[in-house]
Amino acid sequence: MVKAPELLAPAGDLFRMKYAIAYGADAVYAGQPAFSLRSRENGFKNLDDLAEGVSYVHGKGKKFYLTSNVIPRNTKVEPFQKALLAALELKPDALIVADPGFVGWLRKVSSQTEVHLSVQANTTNYLTASFWRELGVRRIILSRELRLSEILEIKERNPDLELEVFVHGAVCMAMSGRCMLSNWVTHRDANQGACDNSCRMPYRLYANDGPQCADYREHQGDFFLQRTDRPELAPVALDEDTWGTYFMSSRDLCALDVVPELVAGGLDSFKIEGRTRSVYYLSQVVRAYRMAIDASVRALESGTPPEVPQESRRAMGFVDGRGFMPGFLRGPLPQNYESTHVAAESGCVCAQILDYDPANGSCRVNVKNAFSLGDELELMTPQGMVPCSVERLEDFRGGVAERLHPGTEGCVVLSGGAFTSCENLSLESAKFGFFVKRTTQKS
Ligand code: SF4
């Protein structure tokens, strides 16, 4: 029997959390606004929200981890302790903590509480992992800067310690949050949860060869940087497109191809980053990894070579990003700072289902991207993705429409013939559905 790793998804708010669970996450993580590294855009505003989240997730037989991973200064110690004691009453399945002082304190005040060591603690070797295990840490979220071989060795040398690896999402251009870029550019401290993602933002180059400081002019043509002390090094191009330069913006991590090896290596939890991403993005990404993990487990159990399902790859083709890379898992230089925005390859979401009436196959939808009668659509639900044909579109007034426009509500009536392919669609599943428009096929 092969142990299936946990699929751990971000929960930016209660709404997103429900989609993550519906699409196959085994566990979610959510933060206390003031004490996790997502102080902005955090939908869990108070203890009541967290209590509702814990209760919902436990009701589905899944796990809820509370992220409490700021690196507190003196003035934050007491408020943080108070907040943690209150949060413990909600009985989350674990606390994700980064600060060693707080790990020690939690072991004393609540020895039963499962502690997971945050990625912010930058665990990069087996000796450090053993150190934390001896202090009572149940799980370590490994540094994102590790190669696959290093991860497997840490597991081999610490078989009884749970190890969590990031498999998907945005990454820092510095060592997982140990970065002052945001503090420098916008005075927002990354280690207090206030990073403004300075490394991922566009910049525009200006030259100044006038007599005044204010004599800036926009730089024209190519621009290169070279170290003056190392003239033998090739100049580094600062590419600039119409949107500016994204010199510091890393591609996004996508470890789909590494899933079979991580499953075979006995890793315990696969983590997806992105508490602020849309429910559509979250649903596709969770779906992709759910299928990849399940396929790997099945293959290992049957002794066949594990492969990433084509449908997992296809799901990735339906989401936008900065371009994907396997991170440091496959080698030392994974990042490509020239990449800016890469649009979804296979298609886009056109509508999110709000209500579904199985009696006549009609769905009330929130339109995300314009689509027309006659477009090739697929219905995506937690049960899978099936082609569907649309009989009728209705606009928000209930009138027959040829085309629905973003930002409005409308109604999609599926035609009977195509609808038979999703005849087993449950109401519960349809509630989390999307209509997706195919463009090109990803090979
Ligand atoms: S600025 Fe970029 S590298 Fe620095 S903490 Fe924020 S996301 Fe990470």
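Any read-out appearing in this document is the output of simple, stated calculations on the displayed coordinates, not a laboratory observation. This structure is a prediction, so every number in the text was calculated from the model and none was measured. Neighbour counts are summed over all protein chains in view; Cβ atoms, including those assigned to glycine, are modelled from backbone coordinates with ideal geometry.
Numbers below:
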{"item": "Where labels lie 7 Å past Cα in the beta-carbon direction, separation of Lys60 and Leu14 in nm", "result": "1.4 nm"}
{"item": "Separation of the Gln310 and Glu156 label points, Cα + 7 Å toward Cβ, nm", "result": "3.6 nm"}
{"item": "Label point at Glu345 placed 7 Å out along Cα→Cβ; residues across region 270-290 whose backbone nitrogen lies under 20 Å", "result": "281-290"}
{"item": "Mean Cα-pair separation over length for region 234-325, i.e. relative contact order, pairs under 8 Å, 6 or more apart, %", "result": "37 percent"}
{"item": "Longest site-free stretch - the chain; sites: GluC sites (Glu not before Pro), DSSP loop, at most 15 other Cβ within 10 Å", "result": "90-231"}
{"item": "Percentage relative contact order, the chain, counting C-alpha pairs under 8 Å, at least six apart", "result": "14 percent"}
{"item": "Principal semi-axes in Å for region 193-237 [√(5λ), Cα gyration tensor, largest first]", "result": "23, 21, 11"}
{"item": "Fully extended contour minus Cα-Cα distance, from Asn360 to Tyr203, at 0.36 nm per residue", "result": "51.4 nm"}
{"item": "Whole-angstrom Cα spans of region 255-357 along principal axes, big to small", "result": "44, 41, 24"}
{"item": "Cross-link pairs Lys62/Lys155; Lys18/Lys91; Lys76/Lys108 - those with Cα-Cα distance over 21 Å", "result": "Lys62/Lys155"}
{"item": "For region 1-116, Kirkwood radius (reciprocal of mean inverse C-alpha pair distance, Å)", "result": "14.4 Å"}
{"item": "5 angstrom amide H check on Arg322, placed H, neighbours 5+ away", "result": "Asp252, Val342"}
{"item": "Kirkwood-based Rg to Rh ratio, region 347-438, C-alpha trace", "result": "0.91"}
{"item": "Gain in span if fully extended, Arg230 to Lys76, counting 0.36 nm per residue against the direct Cα distance", "result": "51.0 nm"}
{"item": "Neighbour-count order for Phe432, Phe396, fewest beta carbons within 10 angstrom listed first", "result": "Phe396, Phe432"}
{"item": "Cα-Cα pairs of the chain separated by more than 34 Å (percent)", "result": "39 percent"}
{"item": "Net charge of Cβ neighbours under 12 Å - reference Ser389; Lys, Arg +1; Asp, Glu -1", "result": "-3"}
{"item": "Equivalent ellipsoid semi-axes, region 264-308, via Cα gyration tensor eigenvalues times 5, rooted, Å", "result": "25, 12, 6"}
{"item": "Potential lengthening between Ser389 and Met180 on full extension [0.36 nm per residue; Cα-Cα distance subtracted]", "result": "70.1 nm"}
{"item": "Sparse-neighbour loop sites [trypsin sites (Lys or Arg not before Pro); region 166-224; at most 11 other C-beta within 10 Å; DSSP]", "result": "Arg204"}
{"item": "Value at 222 nm in deg cm²/dmol, rounded to 500, when DSSP H runs of n ≥ 4 in the chain each add -39,500 (n - 2.57)", "result": "-7500 deg cm²/dmol"}
